[in-house]
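The values are calculated or read from the model by the stated rules, or taken from the named source; none is laboratory data. This structure is a prediction, so every number in the text was calculated from the model and none was measured. Note that we place each Cβ from the backbone using ideal geometry, even for glycine, and neighbour counts take in every protein chain shown.
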Ligand code: 1CP
């Protein structure tokens with residue numbers, strides 16, 4: 001068991017030695033513009049990375065996946081995970097961060113739900129949580145053991161980066177993980193989870209508590225393995241009603257941030273991203289995150305005012321724009337940078353993951369425009 005998980009089990013009673021572990025981990029990062037922006041410090045240009053930057057739009061990714069035999073093999077073998085995590089950085093010199101190559105669904109898999117991928121249909125679980133018995137059997141897994149392959153991948157990617165850019169570790173939010181655990185797959189209408197939330201809030205909260213505790217340990221171990229920043233993907237927080245979002249999604253993300261801070265990781269920047277969550281920015285700004293991700297429906301300028309220039313914003317180009325042509329892309333990128341305006345605190349990103357149909361050269365157009373045009377704002 002990693003020392004961090006041991007501390008959590010021991011009741012968080014010796015945070016001093018954890019702090020020293022955290023300090024030991026700090027290595028010199030050559031391009032630290034992404035980290036500086038998360039600390040709201042000055043940078044010469046607006047840093048950028050892309051959600052799903054290592055993925056199917058890259059021919060080299062498709063080739064690696066073919067060699068590996070499956071997507072899960074890419075995740076579980078640290079050499080493949082390292083190879084694909086570095087592919088976008090090798091192709092595009094203007095990317096300012098790397099992200100761990102893995103998936104949010106590794107966590108429910110470690111809980112015994114049986115993740116598998118059905119060709120053309122996406123991820124599915126063999127044992128979804130569809131009755132009370134299964135829910136009461138659910139437990140916090142031995143994260144260090146069952147997700148060791150993820151921490152091995154973090155270490156290996158971190159070594160291969162050799163300080164080139166920072167490495168982002170990540171997890172799904174407790175709510176977003178629960179949607180897959182209860183629905184059993186992606187692409188549903190979320191009726192099962194919503195029925196449970198409204199009719200059996202006790203069961204719903206039981207699952208979310210287990211998820212929050214598991215994710216806290218999972219991210220702590222990723223930090224210990226070398227992640228410089230962590231991000232919570234709350235892809236499905238936006239399906240919640242205005243009255244339920246805070247209770248069922250935001251508060252559980254807050255628990256994770258607090259746990260990481262108690263463990264001595266206050267200095268590790270934390271980003272949250274609720275897709276469809278633009279109306280709740282003022283609330284998101286209060287849970288202790290250093291960065292808030294925004295989808296493309298959100299008005300970046302208004303969001304900046306809402307966070308009072310106190311929290312870094314990440315986003316928010318519509319990924320579909322990358323399917324168009326250079327002139328359109330250039331204009332759209334400039335609009336996003338203009339929306340944020342002069343000053344620090346903006347990380348350029350897409351409003352959601354890059355689509356698999358994106359022409360690789362369009363990404364270069366976006367990145368070159370950001371690098372050139374954003375200098376005037378710094
Ligand atoms: O090769 C393939 O066919 C697999 C496609 C793929 C990839 C490249 C999946 C399956 N996951 C990933 C990698 C991945 N997933 C990364 C690391 C790569 C990078 O960013 O460079 C990350 C951060 C994720 C996170 C993830 N997985 C999220 C949250 C972010 C988001 O996009 O909203 C979610 C919801 C998932 C679930 C998932 N995994 C894969 C698919 C197709 C899905 C979506 C399922 C659905 O709801 O329809």
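Here residue 180 meets each of (1) more than 9 Å from the ligand (Cβ to nearest atom); (2) more than 23 Å from residue 59 (Cα to Cα); (3) in contact with a strand residue (DSSP E or B) (Cβ under 8 Å, 6 or more places away or on another chain) with one exception, condition (1). Just the residues that are out of contact with any strand residue (DSSP E or B) (no Cβ under 7 Å at 6 or more places or on another chain) and more than 10 Å from the ligand (Cβ to nearest atom), please, taken from region 164-177. Scanning region 164-177 gives 164, 174.
With respect to residue 153, determine if the residue is free of Cβ contacts under 8 Å to residues at least 60 places away in the same chain and under 20 Å from residue 217 (Cα atoms). For residue 153, the condition - free of Cβ contacts under 8 Å to residues at least 60 places away in the same chain and under 20 Å from residue 217 (Cα atoms) - is not met. The set of residues from region 249-305 being on the phi > 0 side of the Ramachandran plot and more than 19 Å from the chain's Cα centre (by Cα) comprises just one member, 264. Taking the stated definitions as given, is residue 267 surrounded by fewer than 18 Cβ atoms within 10 Å (Cβ to Cβ) and at pLDDT 95 or above? When the stated conditions are applied, residue 267 passes them.
For every residue, the table says whether it meets (1) away from the ligand (no atom under 16 Å from the Cβ); (2) surrounded by 17 or more Cβ atoms within 10 Å (Cβ to Cβ); (3) modelled with pLDDT of 95 or more.
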residue	(1), (2), (3)
162	yes, no, yes
184	no, yes, yes
201	yes, no, yes
212	yes, yes, yes
215	no, yes, yes
218	no, yes, yes
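If you scan region 24-63, which residues turn out to be more than 30 Å from residue 342 (Cα to Cα), surrounded by fewer than 19 Cβ atoms within 10 Å (Cβ to Cβ) and in contact with a helix residue (DSSP H, G or I) (Cβ under 9 Å, 6 or more places away or on another chain)? Within region 24-63, 25, 27, 56, 59, 60 meet the criteria. For region 116-138, the tally of residues that are within 11 Å of the ligand (Cβ to nearest atom) and either crowded, with 19+ Cβ neighbours inside 10 Å or at pLDDT 95 or above (or both) stands at 2. Restricting 113, 95, 105 to those that are within 19 Å of the chain's Cα centre (by Cα), more than 10 Å from the ligand (Cβ to nearest atom) and modelled with pLDDT of 95 or more reduces the list to 95.
Looking only at residues of region 65-92 that are buried (at least 19 other Cβ atoms within 10 Å of the Cβ) and free of Cβ contacts under 8 Å to residues at least 24 places away in the same chain, we find that the one that is nearest to the ligand (Cβ to nearest atom) is 68. When you check residue 251 against the structure, is it crowded, with 20+ Cβ neighbours inside 10 Å and either part of a helix (DSSP H, G or I) or free of Cβ contacts under 8 Å to residues at least 12 places away in the same chain (or both), yes or no? For residue 251, the condition - crowded, with 20+ Cβ neighbours inside 10 Å and either part of a helix (DSSP H, G or I) or free of Cβ contacts under 8 Å to residues at least 12 places away in the same chain (or both) - is not met. Filtered by the rule that a residue be surrounded by fewer than 24 Cβ atoms within 10 Å (Cβ to Cβ) and either under 13 Å from the mean Cα position of the chain (by Cα) or in a loop (DSSP other than H, G, I, E, B) (or both), region 220-230 gives 226, 229. Within region 32-61, the set of residues being more than 8 Å from the ligand (Cβ to nearest atom), within 22 Å of the chain's Cα centre (by Cα) and assigned to a helix (DSSP H, G or I) comprises 33, 34, 35, 36, 37, 38.
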